[in-house]
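Quick notes on the structure that follows.
Laboratory data are not the source of any read-out in this text; all were calculated from the coordinates shown. All figures in this text were calculated on a predicted structure; none of them were measured in a lab. Quick reminder, even Gly has a Cβ in these numbers, built from the backbone with ideal geometry, and neighbours come from all protein chains shown.
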Amino acid sequence: MIKTPVILASQSPRRKTLLEWAEVAFKVVVASTDESFDNNMEAENIPIHIARTKAFAVKNKLIASQEQVENIILLAADTVVVLEKEIINKPSNKAEAISMLQKLSGKAHRVITGVVILLNEKEVAFSETTHVQFHPLTMQQIEYYVDHYQPYDKAGAYAIQEWIGVIGIAAITGDFYNVMGLPVSRVVRELTTLDELVG
């Protein structure tokens with residue numbers, strides 16, 4: 001079990017659930033961050049860049065409020081969906097969500113989650129990639145999903161653990177939980193290693 005205090009720099013309910021399933025004790029602290037990125041950046045580096053921004057925003061927030069940051073693990077993550085070379089972010093409305101799912105229908109895409117973990121002056125950063133293949137989706141299925149699940153906070157406009165994933169995904173190669181938003185088994189291994197440094 002990890003004894004060092006862990007702060008999750010994310011509001012994502014999926015990431016919170018995954019850490020709870022892994023029985024990692026943590027508290028959530030978030031800070032507003034700029035999630036923009038250079039369009040020339042490699043796809044694998046984009047979510048790491050955004051996760052790093054989140055982690056340091058929370059660290060600076062804690063320092064500004066004179067809260068303890070020494071010997072505390074800060075964990076941040078970000079997930080992007082990549083179809084061929086296009087980055088598919090979160091939809092801002094129903095029309096965008098439908099358009100995104102139409103693009104993904106019948107095709108394979110990559111889900112990349114970037115993770116940044118801070119402990120004192122040490123930083124661990126990595127990304128995990130999972131390949132997902134969708135069955136062809138009908139317009140009726142897409143509209144039903146968007147209307148009933150409103151996936152506006154999800155990269156690619158879908159959650160693998162919801163109805164659309166159950167009926168629409170043909171194959172997956174890699175870490176299932178990575179598609180939910182956190183490659184939790186690797187995260188726990190990294191947290192365990194850092195926890196041992198604190199002693």
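Structure above, values below:
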{"quantity": "Loop-located chymotrypsin sites (Phe, Trp or Tyr not before Pro) in the stretch 122-198 whose Cβ has at most 16 other Cβ within 10 Å (DSSP)", "calculated": "TYR152"}
{"quantity": "Cα-based convex hull, the stretch 25-65, per residue volume (Å³, whole number)", "calculated": "77"}
{"quantity": "Stokes-Einstein D in µm²/s, Kirkwood radius over Cα pairs - the stretch 6-198 at 20 °C with 1.002 mPa s viscosity", "calculated": "124"}
{"quantity": "Simple label model, 7 Å out from Cα along Cβ direction - GLU20 to GLU70, nm", "calculated": "3.4"}
{"quantity": "Sequence-distant lysines (8 or more away, or on other chains) whose Cα lies within less than 22 Å of LYS122", "calculated": "LYS3, LYS27, LYS54, LYS59, LYS61"}
{"quantity": "FRET efficiency estimate (nearest 0.05) - Cβ-Cβ, GLU162 to ASN39, R0 30 angstrom", "calculated": "0.50"}
{"quantity": "Table column - 3J(HN,Hα) (Hz), the stretch 183-193, Karplus curve with 6.51, -1.76, 1.60, x for Gly and Pro", "calculated": "x, 5, 5, 5, 4, 5, 4, 5, 4, 5, 4"}
{"quantity": "Loop-located trypsin sites (Lys or Arg not before Pro) in the stretch 22-119 whose Cβ has at most 15 other Cβ within 10 Å (DSSP)", "calculated": "LYS85, LYS107"}
{"quantity": "Kirkwood Rh and Cα Rg combined as Rg over Rh, evaluated for the stretch 42-144", "calculated": "1.13"}
{"quantity": "Within the stretch 95-118, backbone nitrogen closer than 13 Å to the virtual label 7 Å beyond the Cα of ALA171 toward Cβ", "calculated": "107-109"}
